[in-house]
1. Suppose the filter is at pLDDT 90 or above, out of contact with any Pro (no Cβ under 8 Å at 6 or more places or on another chain) and under 30 Å from Val163 (Cβ atoms); does Ile66 pass it?
2. Regarding segment 56-73, can at least one residue be identified that is farther than 26 Å from Gly168 by Cβ, of a type in the set (D, E, K, R) and surrounded by 10 or more Cβ atoms within 10 Å (Cβ to Cβ)?
3. State yes or no: is Lys91 basic (Lys, Arg) and surrounded by fewer than 10 Cβ atoms within 10 Å (Cβ to Cβ)?
4. Run Ile30 past the list (1) loosely packed, with under 10 Cβ neighbours inside 10 Å; (2) more than 30 Å from Asp94 (Cβ to Cβ) and report the number of the one that doesn't hold.
5. Given the criteria surrounded by 10 or more Cβ atoms within 10 Å (Cβ to Cβ) and either small (Gly, Ala, Ser) or part of a loop (DSSP other than H, G, I, E, B) (or both), does Val154 qualify?
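The values are calculated or read from the model by the stated rules, or taken from the named source; none is laboratory data. If you're wondering where the values come from, they're calculated on a predicted model, not measured in any experiment. Here Cβ is always computed from backbone atoms with ideal geometry, including for glycine, and neighbour counts include all displayed protein chains.
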Amino acid sequence: MTKTTHIKANATQFQLPQSHDEVNEAIAKIGLLQRERARIQADMDDELAKVRLRFEEAANPLNEQITALTQGVHTWCEAHRLELTKSGKTKFYDFAAGEIKWRMRPPRVSLQAVDNILETLKRLGLTRFIRVKEQLNKEAMLAEPEVISGLAGVRIEQSEDFVIVPFGTKLEEVA
């Protein structure tokens, strides 16, 4: 007795047009759905903006109070810094309600007129402060693909997208 083998295949997950007219109708429906999606997105953005504004307005008086209290605490602590830090031996103080700290930020370089700075450094022979960065020129490789065709690790790749652009919409659907 021979055993029959059943082959199961998953059902198609998308509607497959059967004619030129059905493809045209599907493209028109894609355009309609895209416009509806854009309206929903715009409605959501409007609602989010209203909610954000409402909560920011509610929080604004609290922010002003926090700023004023913070400035007051900072001014008082600066006036009493030696006492609070034990003559500079510590950089913090614990109050019953919380802690205050003085922290030095790491040094940073602030630059203005970078071109002038580069010229001056070169003129003074201080090139150790100038970084030279080597990079591959991909644009040149694309311009002369035959020259680098045998080079290990370099491939010129190109792919194709299928794009549907329904009339009346700027968005594109890429398959």
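1. Numbers: at pLDDT 90 or above: yes; out of contact with any Pro (no Cβ under 8 Å at 6 or more places or on another chain): yes; under 30 Å from Val163 (Cβ atoms): no.
For Ile66, the condition - at pLDDT 90 or above, out of contact with any Pro (no Cβ under 8 Å at 6 or more places or on another chain) and under 30 Å from Val163 (Cβ atoms) - is not met.
2. yes
3. Considered against the rule, which asks whether it is basic (Lys, Arg) and surrounded by fewer than 10 Cβ atoms within 10 Å (Cβ to Cβ), Lys91 comes out as no.
4. That leaves (1) as the condition not met.
5. Taking the combined requirement at face value, the residue satisfies it.
Per-residue answers, yes or no, for (1) more than 25 Å from the chain's Cα centre (by Cα); (2) hydrophobic (A, V, I, L, M, F, W, C); (3) over 22 Å from Phe167 (Cβ atoms):
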position: Gln13; (1), (2), (3): yes, no, yes
position: Ser19; (1), (2), (3): yes, no, no
position: Asn24; (1), (2), (3): yes, no, no
position: Gly31; (1), (2), (3): yes, no, no
position: Arg35; (1), (2), (3): yes, no, no
position: Asp45; (1), (2), (3): no, no, yes
position: Ala49; (1), (2), (3): no, yes, yes
position: Pro61; (1), (2), (3): yes, no, yes
